[in-house]
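I have placed the structure first, in the form of structure tokens, so that the comments after it can refer back to it.
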Amino acid sequence: MPKPYPKSGMPPKKAKKPLKRTAIKKKYGKGNNDNSKGYIGSTTKPTKKQSKPSGGDKIVARKTPIVRRKNSIKKRVKKTGEIDVFFELVKEHGDETIYCRCCNKPLYNLSPINFSHILSKGAYPSYRLDKRNIWIVCEVCHHDYEFGSRKQAKFAEKIKAGEMLKQEYYANNR
């Protein structure tokens, strides 16, 4: 016995629309025969064994178009001025190779992950753009400093610099 539908107190269920499928067709119209459905290279529907068409024929097989927005990244990223400070730090090194300040590993392709704030940006916002608060480090050292144990020997100099910056911060903000 089938279940009564819809259940009492429930709104009626909407009928589902079938998915729109597009056939692989030539760019301009159907084939030579009137019975043809417009598939490339033959008058019958292609099978799995047939190879894909090559050349100037275009294939339409998407259900929905791809929508791309111009400058979508710029709308999501808040401009803080940090990137300008990062460029200034790199320019100070000139053409010489830049090394990680913690482990002395050479850094060739710099990205924002290579710039580590000694004092956090949230707790010390006035030091966010201070060059003394930003070190150029490798990705591994940055991750270890942020999420690992800061008691490692390679972070001793960075912690000492952080203590000096904290003393200056609290002396200026009494």
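What follows is calculated from the coordinates using simple rules that are stated; it is not laboratory data. Just so we're clear, the structure is a prediction, and the values are computed from it rather than from any experiment. With ideal geometry, Cβ positions are generated from the backbone for all residues, glycine too; neighbour counts draw on all protein chains shown.
Label separation (I159 vs M10): 6.1 nm, computed from points 7 Å beyond Cα along the C-beta direction. Simple spin-label estimate for K17 and K131 gives 6.0 nm between the two label positions (7 Å along the Cα-to-Cβ direction from each Cα). Packing order of peptides 112-118, 81-87, highest average first: 112-118, 81-87 (average count of other Cβ atoms within 10 Å over each peptide's residues).
Amide H contacts of F115 (H built 1.01 Å from N, in plane; Pro and chain starts excluded): V137 sit under 5 Å, all sequence-distant by 5 or more or on other chains. Could you please report the charge total around E88, scoring K, R as +1 and D, E as -1 over all other residues with beta-carbon less than 13 angstrom from its beta-carbon? Around E88, the surrounding residues sum to -1. With the simple spin-label model, which puts each label point 7 Å out from Cα in the Cβ direction, the T97 to Q167 separation comes to 3.6 nm.
Of the cross-linked pairs K91/K154; K105/K131; K79/K105; K91/K131, those separated by over 18 Å at the C-alpha level are K91/K154; K105/K131; K79/K105. Extension gain, E146 to N104: 0.36 nm times the residue separation minus the Cα-Cα distance gives 13.3 nm. Label point of I83 set 7 angstrom out along Cα-Cβ; within region 110-152, amide nitrogens under 16 Å from it belong to 110-115.
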